[in-house]
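> Following this message is one structure expressed as structure tokens.
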Amino acid sequence: MMDRLYALDFLRAFALLMGVLLHVLMLFLEPVDGSEPRLGASIIFVWIHTWRMPLFMLLAGFFTAISLTKRNAGNYASNRLIRLGVPFLLLWSVIPAIDEGATELFKIPELISWLLYDVPFSLRLDHLWFLYYLLIFYGVLLLLKGIMPQIFSFISDYKLSFTRVLILWLPILILLSPLNKPTGGIFGEIPITFGEINIGSMLFLAAFFMIGLQIQKSEQFLQKLQRKRFWLPSLVVFSLVPIGLLGWGGVKDEPFVFADALEMWIANILSGSAALLLVLSIMGLAMHQISASGRMLRWLVKLSYPIYVFHLVFVISFSGTLILFGFDDWLVVLLGFASGILGPVIIYYAIIAWTPLDWVFNGYKNSGYRSNFSVINRLAKYL
């Protein structure tokens, strides 16, 4: 069991770090120097984009199921509210806003803008929009657990098998795909500001969250995922789907748009199937390959959350500058990704590691920081 948790904990961190790479590659879909989109960057981007957020949501559901066996509902609610809510306070108060359509790419943080210039808060979500969805998922789940415990138990205790996944969850994901991706196949609609809800993308990702809840108690299913005869062919075959959709769209001169009804359904059936099977095969690969928690793995898990929260300013500014100066594309990707890791790591070790913010990002037990006041330490143990 612990070997599996090491693998999936690493996979959760890996999904966050792939977000850093995605934001570098995104610059080559519509390059800032006005040049043509890069095919290689587009292929890698679309492949990662297909499975990354569904995987993260599934793992969030998986670890939620574990946490609810160790914490009561009130304790878990306060834990999630603080650990997911505080990064939004940082986003609004200290992290510059990014507006690619504006004359100035970077804007001063919303709190400062409000205090100095009386500019109204927009409560932007930026790259943390998925934390907003998670807050909604946790709230609904805890409400269900509190007022309809029998329904909650039925949902969370439902054991999965390949047959149940293919008969139950795959059709649900396919039916939700047109709501998630109205133009078909590639990009889902995401919320821009706090309070906004894009029902299609929320339900699509909520389905993966629910699958994660159920997978946690599906021991036989987890064992079957680790079989090489499942994850290897699934990974190869379904990796071709997003690349094929990109190519299909390219032939139409609209790489990310499938407006015709029939084309949209075909694209969404393929992309919904690919998302689910890629997530499951990547999980199987990770559990098959990772059997222990080494120092590097623990370091990645510890730093992945703060890296993701703070990376975007470094990635956009550094990578964009390199593109404008004509650096080789893949050198930009490499250096841009490195800047998105190194910049936040410096912030972490210079500031966060020495403050209670480390409890927010890593939890009290996994943090090396301790307050001089024992009462604060006692309260922080709930994080």
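The values are calculated or read from the model by the stated rules, or taken from the named source; none is laboratory data. For clarity, every value in this text was computed on a predicted model and none was experimentally measured. Ideal geometry is used to build each Cβ from the backbone, glycine not excepted, and the neighbour counts take in all protein chains shown.
> Counting just the residues of segment 279-319 that are polar (S, T, N, Q) and touching a Phe, Trp or Tyr at 6+ places or on another chain (Cβ under 6 Å), which one comes out modelled with the highest pLDDT?
My answer is S281.
> Identify the residue in segment 306-325 that is surrounded by fewer than 22 Cβ atoms within 10 Å (Cβ to Cβ) and of a type outside the set (A, V, I, L, M, F, W, C) and, among all such residues, is nearest to R83 (Cα to Cα).
So, considering only residues that are surrounded by fewer than 22 Cβ atoms within 10 Å (Cβ to Cβ) and of a type outside the set (A, V, I, L, M, F, W, C), the one nearest to R83 (Cα to Cα) is S317.
> Considering only residues that are in contact with a Gly (Cβ under 8 Å, 6 or more places away or on another chain) and of a type in the set (G, A, S), which ones fall in segment 339-374?
A353
> Out of the residues in segment 3-36 that are free of Cβ contacts under 8 Å to residues at least 60 places away in the same chain and over 28 Å from A60 (Cα atoms), state the one that is surrounded by the fewest Cβ atoms within 10 Å (Cβ to Cβ).
Among those residues, the one meeting the criterion is G34.
> Among the residues of segment 192-201, are any of a type in the set (A, V, I, L, M) and part of a loop (DSSP other than H, G, I, E, B)?
Of all residues in segment 192-201, those of a type in the set (A, V, I, L, M) come to 192, 197, 199.
Narrowing further to those that are part of a loop (DSSP other than H, G, I, E, B): 192, 197.
Within segment 192-201 (the criterion being of a type in the set (A, V, I, L, M) and part of a loop (DSSP other than H, G, I, E, B)), the answer is yes, since at least one residue qualifies.
> If you check every pair at least six apart or on different chains, which have Cβ atoms under 6 Å apart with a residue in segment 258-276 that is within 17 Å of I243 (Cβ to Cβ) and of a type in the set (D, E) first and a residue that is surrounded by fewer than 19 Cβ atoms within 10 Å (Cβ to Cβ) and at pLDDT below 80 second?
none
> Of everything in segment 330-374, what is within 18 Å of L84 (Cα to Cα) and either aliphatic (A, V, I, L, M) or loosely packed, with under 15 Cβ neighbours inside 10 Å (or both)? Give them in sequence order. So that I can check it myself, show each step before the final result.
In the first step, residues of segment 330-374 are kept if they are within 18 Å of L84 (Cα to Cα); the result is 344, 348, 352-353, 355-367.
Across segment 330-374, the qualifying residues are I352, A353, T355, L357, V360, K365, N366.
> Would you pick out the residues in segment 28-62 that are closer than 30 Å to L141 by Cβ and of a type outside the set (A, V, I, L, M, F, W, C)?
Passing the criteria: H49, T50, R52, P54, G61.
> Mind listing whichever residues of segment 227-243 are at pLDDT below 90 and either farther than 20 Å from M57 by Cα or in contact with a Lys or Arg (Cβ under 8 Å, 6 or more places away or on another chain) (or both)? It would help to see each step written out before you state the result.
So in segment 227-243, the residues at pLDDT below 90 come out as 242-243.
If the condition is that a residue be at pLDDT below 90 and either farther than 20 Å from M57 by Cα or in contact with a Lys or Arg (Cβ under 8 Å, 6 or more places away or on another chain) (or both), then I243 is the only one that fits.
> Further, regarding this structure: Within the group L285, L270, which residue is buried (at least 18 other Cβ atoms within 10 Å of the Cβ), under 19 Å from F56 (Cα atoms), touching a Leu at 6+ places or on another chain (Cβ under 7 Å) and not polar (S, T, N, Q)?
Checking each option against the conditions leaves just L285.
> I'm trying to understand the selection: among the residues of segment 141-152, which are surrounded by 12 or more Cβ atoms within 10 Å (Cβ to Cβ) and without any contact (Cβ under 8 Å) to a residue 40 or more places away in the chain?
L143, L144, M148, F152
> Which residue out of I172, I136 is in contact (Cβ under 8 Å) with a residue 40 or more places away in the chain, part of a helix (DSSP H, G or I) and of a type in the set (V, I, T)?
Among I172, I136, only I136 is in contact (Cβ under 8 Å) with a residue 40 or more places away in the chain, part of a helix (DSSP H, G or I) and of a type in the set (V, I, T).
> What's the number of the condition F258 fails, among (1) assigned to a helix (DSSP H, G or I); (2) buried (at least 21 other Cβ atoms within 10 Å of the Cβ); (3) over 21 Å from the mean Cα position of the chain (by Cα); (4) at pLDDT below 90?
With respect to (1) assigned to a helix (DSSP H, G or I); (2) buried (at least 21 other Cβ atoms within 10 Å of the Cβ); (3) over 21 Å from the mean Cα position of the chain (by Cα); (4) at pLDDT below 90, F258 is out only on (1).
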